[in-house]
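These notes concern the structure reproduced below.
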Amino acid sequence: MSTPVTETAEFYHQLRLLVRADLPLPDCLLQVGRHVRRRSFRKAVVSIGERTAQGESFGELLQEYPQHFSRFHAQLLRLGEESGTLPEMLDVVARFARYQQLIGTSLREAIAYPLLVSHVACIAFLITCVSLAPQLLDFMQDLPQASDDLYGEVSGSPPWLTLQILQFCGVVADHRDLMLGLYAVFACYSVWLFLPFPASRRAVLHVARLLPGSWRIAHSATSARICSMWGTFIERGVPAPESLDLVAHLTDHGGTTRALSQAAEDVRGGADIADALEGQPLLDRLITLAFRHTPEDRLAEELVKLGELFDQRVALASRAVARAWIVWAFLGCCLLVGGVTIAVFLPFYQFLQWINLVNYL
């Protein structure tokens, strides 16, 4: 079973604090592992700690537990271990995991009420279709037809819209098993979205990407990772082309990866790094400005600060997307509830009018 992102983020945070205190990595893992709540996750962390004490690679061991650690996090930490920047990489991963948790929580809170209203509307519609509409349709079709002559344009037959709605309800009732099965799938999917699993969190984020402005979350999160990792590599003295390649390799956004790789090729060809970055429109202009106007001895520090700025933008963008979701979900619920209300009550209203006409005739 996958480990919730909340526990993973807390694990990275605690491990980062212990590693920064210059404690041996195996001891850090064993200490953190003993305080992990979930048994399977605790066993995995303790096993990794014991195997790292025997000389195995920490980053490679993480990849053996994909149910607990994402592939991207494992790649980052493996590279941090190989380059001697493990504390800095743990800082990057811990911050990124916490923002993933924040975004997922905000979006789930935003979709809770619209989903509840949708379920109530679906249940009311299914009950009407299965239990009430077929009986009413049979009753209306068995009544004698009234004369059209006395009332001119007023038809003595049941209203057309009423018949169409009731016939549609009849089709739903005839296929009740299929409809109930589809609703059960919808209900299970709704519950799954709120479970603390990485896959459900990714599904919520995928839905959120359909909303206006959601691209800002991905763009800011990617820029934050670029700045944090790049600042770490520069601080360790990694040359610009190699650091660009490393950052490109560790970025999980296809367009940004290609842009960084192309910038690295331009730098190898003799281009200035600021000019190479400026030629890539997918990269945030703030990064280009940092390289163009910041002294070299302060560049690593400036990139770390930029990473924190982009982290703040992620939080702001996630709240904006959550508000947009609420607005769109409210409008959708209004349409859904309005449609169900019309489907349920309009036939009865027109049916009563028609009954009064028949009785009068």
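Could you check how many residues of the stretch 56-81 are free of Cβ contacts under 8 Å to residues at least 12 places away in the same chain and assigned to a loop (DSSP other than H, G, I, E, B)? Steps first, please.
Taking the stretch 56-81 first, the residues free of Cβ contacts under 8 Å to residues at least 12 places away in the same chain are 56, 64, 66, 71.
This time we only want the ones that are assigned to a loop (DSSP other than H, G, I, E, B), so: 56, 64, 66.
The number of residues fulfilling the criteria is 3.
Which residue is modelled with the lowest pLDDT, if the candidates are limited to the stretch 237-251 and must be surrounded by 14 or more Cβ atoms within 10 Å (Cβ to Cβ) and assigned to a loop (DSSP other than H, G, I, E, B)?
Top of the filtered list is 250.
Let me confirm something: among 190, 157, 147, which residue is modelled with pLDDT under 75 and open to solvent by less than 50 Å² (accessible area, probe 1.4 Å)?
One residue alone meets the criteria, 157.
The values are calculated or read from the model by the stated rules, or taken from the named source; none is laboratory data. Note that the structure is predicted; figures quoted are calculated from it, not measured. Positions of Cβ are generated from backbone atoms using ideal geometry, with glycine treated the same way; all protein chains shown enter the neighbour counts. Note: accessible area is taken over every heavy atom of the protein model, side chains too, but ligands, DNA and RNA are not part of it. Shrake-Rupley method; radii C 1.70, N 1.55, O 1.52, S 1.80 Å.
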